[in-house]
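Engineer: One structure, pasted below without further comment.
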Amino acid sequence: MGLAKKLREVVAANFIEIARVETPPVKEETVPAPEATPAALGTYAEAELDSFLKDIGASPVAETPAGFSDAVSIEPELIAEPVPPTPVLVSLADAVSNEGDVDFARIFEQYEVPATPFSAEQAMNMLQSLPRDLALRTKRVTVNTTLSAIGKVVGATPQDIVGDAIRKKQTLEQYVESLGREVDETSANTQAEIERLQAEIAAHKDALRSLTRKRSAASEVCRSRMDLFDQVTHFFDYDEATLNAPETAAEEETGVPTDEMPAFMREDAVRRMLGINEDFTNENGEFDAMKFAQMYGSDTQESAESESDNSEDTARRPRAKK
C-alpha cells in the first residue's frame with residue numbers, strides 16, 4: 001500500500017491533531033548510515049511514520065483490501081465547546097506569571113495574530129517528537145509526507161506553517177520592545193511617586209518634631225507661670241485659720257514653735273511678685289532711703305536727704321532742761 005494512501009486513512013479514522021509528545025531519550029549509537037536511495041527512503045519513511053503515529057497515540061490502520069475505494073467517508077464534525085474569551089491584557093506584564101512563565105496565547109491574541117489550521121507550535125512539536133539520530137533529509141521526507149496527507153484534511157501547507165512562525169516571531173519581538181518601554185515608564189512614575197511620598201513623610205516628621213518642642217516649651221513656661229499665679233492667689237486669698245493651721249500642726253508634730261512666715265509672705269517672694277529686684281536695706285536690715293533714691297530718681301533722693309538732715313539736726317539740737 002502506498003504511503004500517502006495509508007496517511008489519508010489514518011487521518012480519516014482518528015482525526016489526528018498533532019500534539020507535543022515527550023519521547024524518552026534514545027541512546028545514541030554510531031551506526032554507519034547506508035547509502036540512501038529513493039526506494040529505501042520511501043520504505044524507511046513509512047516505518048518512521050508508523051513509529052511516529054504510535055508515539056502520538058494514533059492506532060495504525062490495517063491494510064486496505066484490493067479494490068477498496070480510496071474515498072473515505074468523513075465522520076460528522078464534532079461540536080466544539082465554546083472557549084471562553086481570554087481577557088485582554090491590561091498590562092503587557094500580565095502575560096508573565098510570578099514564576100516567569102509566559103502565556104504566548106494571550107500575547108498572540110493581544111496582537112491579533114491570525115489562527116492557522118496547523119500552527120507553527122504543532123509543527124515544532126512534531127519535529128521534536130522525531131528521533132534525534134534521524135538524518136535531516138529523512139526528517140524532511142517524513143514531515144513533508146505527513147503534512148501532505150494532513151493538509152488535505154485540515155488545509156495546512158508548509159508555506160502556511162512558515163508564515164505563521166514568521167508572524168509569531170515578529171509579534172514576540174514587538175512584545176519584548178513594548179514591554180521594555182512599559183516597564184521603564186512605570187519605573188520612572190513609581191520612582192517619582194516614591195520620592196514624593198518620602199518628601200511628604202519628611203515634612204510630617206519635621207512637623208512632629210516641631211510639635212514636640214513646642215509642647216515641652218509650653219509645659220515648662222506654663223508651669224512656671226502657674227506657680228506665680230498660685231503665689232498671687234495665696235497672697236490675697238487666705239484667712240487666719242488657714243494661715244495658722246500649718247504652723248499649729250508643725251508645732252504639734254515637732255514640739256518647737258515656728259515663727260517663720262509662709263513662703264508667699266516672705267520678703268523675697270513679695271519683691272519678685274512686685275518686680276523689685278534690688279535690696280534697699282542696710283547692714284542692720286533697716287530700710288535705706290538713699291539706695292531707694294538712687295534707684296527711683298532725684299526727687300526721692302532730695303526728700304531722702306532732707307529727711308536725713310532733719311534727723312541729724314534733731315540729734316545735734318540740745319535738749320531743753322526740765
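Each reported figure results from applying straightforward, stated rules to the coordinates on display, with no laboratory input. All of these numbers come straight from a predicted model, not from anything done at the bench. For neighbour counting, all protein chains shown are included, and Cβ atoms are generated from backbone atoms with ideal geometry for every residue, glycine included.
Engineer: Once you put a point 7 Å from the Cα of residue 234 and another 7 Å from the Cα of residue 103, both along the Cβ direction, what distance in nm separates them?
Structural biologist: Spacing of the two 7 Å Cα→Cβ label points: 8.1 nm.
Engineer: Quick check: net charge around residue 216, other residues with Cβ under 14 Å of its Cβ, Lys/Arg +1 and Asp/Glu -1?
Structural biologist: Values: positive: 209, 213, 214, 215, 223; negative: 220.
Net charge around residue 216: +4.
Engineer: Once you list every other residue whose beta carbon is under 14 Å from the beta carbon of residue 113, what net charge do they have if Lys and Arg are +1 and Asp and Glu are -1? Write down the numbers at each step before the final one.
Structural biologist: Working: positive: 106, 167, 168, 169; negative: 103, 109, 112, 121, 160, 164, 173.
With Lys, Arg at +1 and Asp, Glu at -1, the net is -3.
Engineer: With a Cα-only, solvent-free Debye model of the range 118-191, what are the log10 I(q)/I(0) values at q = 0.17, 0.21, 0.22 Å⁻¹?
Structural biologist: The computed values of log10 I(q)/I(0) come out as -0.72, -0.93, -0.98.
Engineer: Counting Lys +1, Arg +1, Asp -1, Glu -1, what net charge surrounds residue 185 among other residues with beta carbon under 15 Å of its beta carbon?
Structural biologist: -3
Engineer: I need the peptides 157-165, 201-209 ranked by packing, meaning the mean over residues of other C-beta atoms within 10 angstrom, with the highest value on top.
Structural biologist: Working: 157-165: 16.0, 201-209: 10.0.
Descending mean neighbour count gives 157-165, 201-209.
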